[in-house]
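*Asks:* One structure coming up, written as structure tokens, with questions to follow.
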Amino acid sequence: WGHHRLNYLKHHRKILYWNLLTSRKLHSHLADTEEQAQQLFSRFVKELAEKECVTEQLKATDMMLWVQKVNNISNRATEVVNVEVIFL
């Protein structure tokens, strides 16, 4: 997540990037972003999996459906993290 944030800053928020870089706060900013993004992603995946009944039982009975649902949840969680944390 930190790497995505770094690329976003370099290409779309150049002034903020240079301010963080010259004030020696870039690495701590990226570490904070990584932590926030990972926590949000994990929480959102867990909530959606519970809401949509994506369980180990489903995995055992219908592996392909489980994979589809997990991939869908992961993609949606990634979009939320991108919007709420990375591309600000």
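*Asks:* Would segment 76-87 turn up any residue that is under 27 Å from I15 (Cβ atoms), part of a loop (DSSP other than H, G, I, E, B) and open to solvent by 70 Å² or more (accessible area, probe 1.4 Å)?
*Replies:* yes
*Asks:* If K10 passes every condition in (1) part of a helix (DSSP H, G or I); (2) over 20 Å from the mean Cα position of the chain (by Cα) but one, which one does it miss?
*Replies:* Condition not satisfied by K10: (2).
*Asks:* May I pose another question? Could you list all residues from segment 33-75 that are charged (D, E, K, R) and closer than 30 Å to H11 by Cα?
*Replies:* E34, E35, R43
*Asks:* With the checklist (1) surrounded by fewer than 16 Cβ atoms within 10 Å (Cβ to Cβ); (2) in contact (Cβ under 8 Å) with a residue 24 or more places away in the chain; (3) over 28 Å from L6 (Cβ atoms) in hand, flag the one item A49 doesn't pass.
*Replies:* Failed condition: (1).
*Asks:* Further question on the same structure: Being part of a helix (DSSP H, G or I) and open to solvent by 90 Å² or more (accessible area, probe 1.4 Å) is the filter here, so list the residues in segment 20-31 that pass it.
*Replies:* Selection gives T22, H27.
*Asks:* Turning to a different aspect of this structure: Among the listed residues E84, E34, identify the single one that is acidic (D, E) and in contact with a helix residue (DSSP H, G or I) (Cβ under 6 Å, 6 or more places away or on another chain).
*Replies:* Of E84, E34, the one residue that is acidic (D, E) and in contact with a helix residue (DSSP H, G or I) (Cβ under 6 Å, 6 or more places away or on another chain) is E34.
*Asks:* Being under 25 Å from H3 (Cβ atoms) and either open to solvent by less than 100 Å² (accessible area, probe 1.4 Å) or modelled with pLDDT under 95 (or both) is the requirement here; does E34 meet it? I'd like the intermediate steps shown before the answer.
*Replies:* Numbers: under 25 Å from H3 (Cβ atoms): yes; either open to solvent by less than 100 Å² (accessible area, probe 1.4 Å) or modelled with pLDDT under 95 (or both): yes.
Criteria met by E34.
The values are calculated or read from the model by the stated rules, or taken from the named source; none is laboratory data. If you're wondering where the values come from, they're calculated on a predicted model, not measured in any experiment. Please note: Cβ atoms are built from the backbone with ideal geometry, for glycine as well, and neighbour counts cover all protein chains shown. Please note that ligands, DNA and RNA were not included when accessible areas were found on the heavy atoms of the full protein model with its side chains. Shrake-Rupley method; radii C 1.70, N 1.55, O 1.52, S 1.80 Å.
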